[in-house]
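Just so you know, all these numbers are worked out from the coordinates, no wet-lab data involved. Computed from a predicted model, the values in this text were never measured in an experiment. Here the Cβ positions follow ideal geometry from the backbone for every residue, glycine too, while neighbour counts run over all protein chains shown.
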Amino acid sequence: MLNKKFIQKLKKDYEKQEGERRQIIALSNDVLHASKRVIFSLHRFEIQPAGESLKNIEKTFLALKKKFGLERLNVEGSYKAGVEEYVEAKMFYLFMTGAKIDAIKGLDLSLEGYLGGICDLTGELVRLATNLAADGKIVEAKKIKSTIVAVLAELVGFDLTGYLRTKYDQAKTNLRKIEQINYELSLRK
């Protein structure tokens, strides 16, 4: 009644998949935590170490792609979370270095990773503006609003749903926060 060879093959395939999954989760968690450290470094204006860390993260992505392939990687939630956090860190790095927020060359990253990371970037920009304002750097703090406005002006053209809609709504909240910061700064004059 039961083909034991078939069941044994299923078991072997399952064990292989689970082994891959554990490896992907471990490396993706490394990427996620390293990306968070990059963001914290950038808030301390430690630009060069942040750039080096980003290069190391990119090497990890390339190694993951080579070992597992994008199709396999993109079904793992931990990998997707790592991509999104990396995109946020990389976009923040680009902002902090005066570069254009643009596609990341050399990596195949998902649309969702880009959109989620860009939405999350707005939160880091609000945090940066808040810290700059607290340090008395009013002009620099006020300039950040234009970047957040530009991001939201582009994102409004998307009909985001589900998880990405939540990210977009958070970005809109960040716009309201930066508007409030700018308003309060204008009252100080």
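Worth a mention:
- Neighbourhood net charge (15 Å Cβ-Cβ; Lys/Arg +1, Asp/Glu -1) for K5: +3
- A simple count of charges around E15, restricted to other residues whose Cβ falls under 12 Å of its Cβ and scoring Lys, Arg +1 and Asp, Glu -1, yields +3.
- Longest exposed-site-free window of the chain, the sites being chymotrypsin sites (Phe, Trp or Tyr not before Pro) in a DSSP loop that have at most 16 other C-beta atoms within 10 Å: 46-157
- Gyration tensor (alpha-carbon) shape descriptor, the stretch 43-175, a/c threshold 1.5: oblate
- Between the beta carbons of Q8 and N29, assuming R0 = 41 Å, the FRET efficiency works out to 0.80 to the nearest 0.05.
- Applying 1/(1 + (r/R0)^6) with r as the Cβ-Cβ distance of N131 and E52 and R0 = 25 angstrom yields a FRET efficiency of 0.65.
- Residues of the stretch 159-185 with an amide N closer than 11 Å to a point placed 7 Å from the Cα of V149 along the Cα-to-Cβ direction: 179.
- A Gaussian network model of the chain, with springs between Cα atoms under 10 Å, assigns the largest mean-square fluctuation among A133, A141, A150 to A150.
- Among L125, L160, L73, the largest mean-square fluctuation in a Gaussian network model of the chain, built with springs joining Cα atoms closer than 10 Å, belongs to L160.
- Divided by 2.2 N^0.38 Å, where N counts the residues, the Cα radius of gyration of the stretch 110-189 comes to 1.14.
- Centre separation in Å (Cα based) which lies between the stretch 174-189 and the stretch 89-108: 26
- Whole-Hz couplings from phi, Karplus 6.51/-1.76/1.60, listed for the stretch 3-10; x for Gly and Pro: 7, 5, 5, 4, 5, 5, 5, 4
- Taking other Cβ atoms within 10 Å as a rough exposure proxy, V75, V38, V151 sort from fewest to most as V75, V151, V38.
- Remark: for residue pairs K105/K137; K145/K167; K67/K105; K66/K105; K9/K80, the C-alpha separation exceeds 24 Å in K105/K137; K9/K80.
- Extension gain, K100-E18: 0.36 nm per intervening residue step, less the Cα-Cα distance, totals 25.6 nm.
- Cross-link partners of K90 among aspartates and glutamates (Cα-Cα below 16 Å; sequence separation of 8 or more within a chain): D30, E46, E52, E58, D102, D108, E112, D120, E124
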